[in-house]
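Accompanying notes for the structure given below.
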Amino acid sequence: MPQDVCIIARSGSRGMLLVLLCFIMCALLAAGCTRTEQAPSGPAQLTVAVTIPPQKQFVERIGGDRVRAVVLVPPGANPHTHEPTPGQLAEIGRADLYIAVGSGVEFERMWMDKIRGVNPRMPVVDSSRGIEVISGDPHIWLSPRNAMIMVNNTFEGLVAIDPGHEAVYRKNRDGYLAELDRLDRDIGESLAGKSHREVMVSHAGWAYFARDYDLHLISIEKEGKEPTPGELQDLIRRARQNNITVVFASPEFSTKSAEVIAHEIGGRVDLISPLDEDYVENLHKVSAAFAESESNG
């Protein structure tokens, strides 16, 4: 104890009182030196892994600040050929939940067993549950009506691992579902009454969108393969026959054949992405582009 903390009287009751006060002061000083103020700690954030960028918006709109979404096929990558990096696999090892597309995306078919092996305790949700999958086309998310089912499956997955926040997740889900419903109605209205329903696309990933809004897709690729010279000539003929002036291509895939066709018909190539992270805004842009191309037909 420092000598200047207190002065102890040498004798008498006054001295005893000072000794007692001295010990009390020392105890308070010691407590003040050892006690650490702890800031209130919030709930731990959940790490949720997803396959493609549009799912990131699904997860974040439901989970809000409670979740951190990790995308395994990043923007600009090809989900048919992308391989997870060591860093992504490390993220999977720490993830609390995986939301799979579940409809046969090639990345998942190739890597899901390894993903499960990296984190065997991690629950995996099949977000395609309840969706009627078109044979050979895993791009279920490109229909807002399908997206609403995927969002609900995502919500159920989050509640299963974090039931204490169900009310928050439910409120967020309902708000986002309302936004997707408006998106569906807006797209339907923007494409209604068009006399030319043919749309030429380079990548065969828009079948669900075409089904929902009564469009007829002319796909340049067949089973993921570029057209042969003979098939290319047939596509040029069909484009001219249907007064097509815009060929739609995806930035994640080759645009070479689309550019050849556009050149031959005196048209242009417009880029539309099936994997944009801002799902709602992206489909607004796609529907507007399709509607404009039809009005030019």
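The values are calculated or read from the model by the stated rules, or taken from the named source; none is laboratory data. Bear in mind the structure is a predicted one, so any value in this text is a computation, not a measurement. Virtual Cβ from ideal backbone geometry, glycine too; neighbours counted across all protein chains shown.
Numbers below:
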item: Residue check for Val247: assigned to a helix (DSSP H, G or I), surrounded by 17 or more Cβ atoms within 10 Å (Cβ to Cβ) and not small (Gly, Ala, Ser); result: no
item: Near pairs, Cβ below 6 angstrom, 6+ apart or cross-chain, from segment 152-177 (more than 19 Å from Arg129 (Cβ to Cβ)) to any residue that is loosely packed, with under 15 Cβ neighbours inside 10 Å; result: Asn172/Gly64
item: Gly188 being surrounded by fewer than 20 Cβ atoms within 10 Å (Cβ to Cβ) and free of Cβ contacts under 8 Å to residues at least 12 places away in the same chain; result: no
item: Test: residue in segment 215-231 that is of a type in the set (D, E, K, R), in a loop (DSSP other than H, G, I, E, B) and surrounded by fewer than 15 Cβ atoms within 10 Å (Cβ to Cβ); result: yes
item: Ala95 being surrounded by fewer than 19 Cβ atoms within 10 Å (Cβ to Cβ) and among the hydrophobic types (A, V, I, L, M, F, W, C); result: no
item: First in segment 73-96 and without any contact (Cβ under 8 Å) to a residue 40 or more places away in the chain, second anywhere and of a type in the set (Asp, Glu), Cβ under 8 Å, 6 or more apart; result: Thr81/Glu106
item: Hits in segment 257-279 (condition: within 27 Å of Thr51 (Cβ to Cβ) and assigned to a helix (DSSP H, G or I)); result: Ser257, Ala258, Tyr279
item: Every residue from segment 172-187 that is over 19 Å from the mean Cα position of the chain (by Cα) and not β-branched (Val, Ile, Thr); result: Arg182, Arg185, Asp186
item: Some residue of segment 263-281 being touching a Phe, Trp or Tyr at 6+ places or on another chain (Cβ under 6 Å) and not assigned by TED's automatic domain parsing to the domain that holds Phe58; result: yes
item: Among the candidates Ile161, Ile149, residue that is surrounded by fewer than 16 Cβ atoms within 10 Å (Cβ to Cβ), β-branched (Val, Ile, Thr) and at pLDDT 95 or above; result: Ile161
item: Condition met for Ile265 (buried (at least 17 other Cβ atoms within 10 Å of the Cβ), more than 23 Å from the chain's Cα centre (by Cα) and free of Cβ contacts under 8 Å to residues at least 60 places away in the same chain); result: yes
item: Tabulated pairs, segment 100-129, first within 15 Å of Pro79 (Cα to Cα) and surrounded by 20 or more Cβ atoms within 10 Å (Cβ to Cβ), second at pLDDT 95 or above and among the basic types (Lys, Arg), C-beta under 9 angstrom, 6+ apart or interchain; result: Gly102/Arg129
